[in-house]
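The values are calculated or read from the model by the stated rules, or taken from the named source; none is laboratory data. Only a predicted model underlies this, so the values are computations on that prediction, with no experimental measurement involved. Glycine gets a Cβ as well: all are built from the backbone with ideal geometry, and neighbour counts include every protein chain shown.
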Amino acid sequence: MERILKFSVEILKFVGFLRLKGFAKDKYFYMFMIIPLLLYFALYYVLLFMPTIKINTNSFSLFSLHFLLVQFFVVSIPEELFFRGFLMQLISEYTGNRKVCYFLSYANILSSVLFSAAHIFTHSLMWSMSILFPSLIFGYFREKYNSVWPSIILHFWYNIIFSIFISCFYK
């Protein structure tokens, strides 16, 4: 039993799940939390004035504690543990953590491409390709703080903001 516990702790260390320090004081982390708000807010108002698009004014009634828990525990945590925690870390060790430029590593790019490709099964091709940029942001913070928690929080936040935006167009 003790060996299983030690092995479990080592896995959690490997994927960066046990490190939680530093990113809460990072102004860039908060900047990347504000960017999707500004983007979707601007896009919402552009689409609002298009005559063929109907806006749902009751959109926020779609959200519940259940929805938030599913987004956090079933979507954000598992995806980030696999793509940024396990896969990115494995690629990083294989490539020697080489950088393409000062903030992008080969591991981040490759894991982000795979993350985007995995979304083809649940999203359109265009949307799957657009996931690449946020994925690179998640990977950047994963590498910067050697923790998967910043990417989990950003992933959860981006999913919530996107869901609110999309729900405005469905009744």
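In this structure, does Pro150 turn out to be of a type outside the set (Asp, Glu), over 30 Å from Val46 (Cα atoms) and touching a helix residue (DSSP H, G or I) at 6+ places or on another chain (Cβ under 9 Å)? Answer is yes for this residue. Of the residues Asn159, Asn146, the single one that is on the phi > 0 side of the Ramachandran plot and either surrounded by fewer than 18 Cβ atoms within 10 Å (Cβ to Cβ) or modelled with pLDDT under 95 (or both) is Asn146. Please determine, by comparing only the residues of the range 63-122 that are aromatic (Phe, Trp, Tyr), part of a helix (DSSP H, G or I) and surrounded by fewer than 16 Cβ atoms within 10 Å (Cβ to Cβ), which one is modelled with the highest pLDDT. Going through the qualifying residues, I end up with Phe73. Looking only at residues of the range 27-62 that are modelled with pLDDT of 75 or more and in contact with a helix residue (DSSP H, G or I) (Cβ under 8 Å, 6 or more places away or on another chain), we find that the one that is surrounded by the fewest Cβ atoms within 10 Å (Cβ to Cβ) is Leu43.
The set of residues in the range 123-152 being closer than 17 Å to Ser76 by Cα, among the hydrophobic types (A, V, I, L, M, F, W, C), part of a helix (DSSP H, G or I) and free of Cβ contacts under 8 Å to residues at least 24 places away in the same chain consists of Leu132, Phe133.
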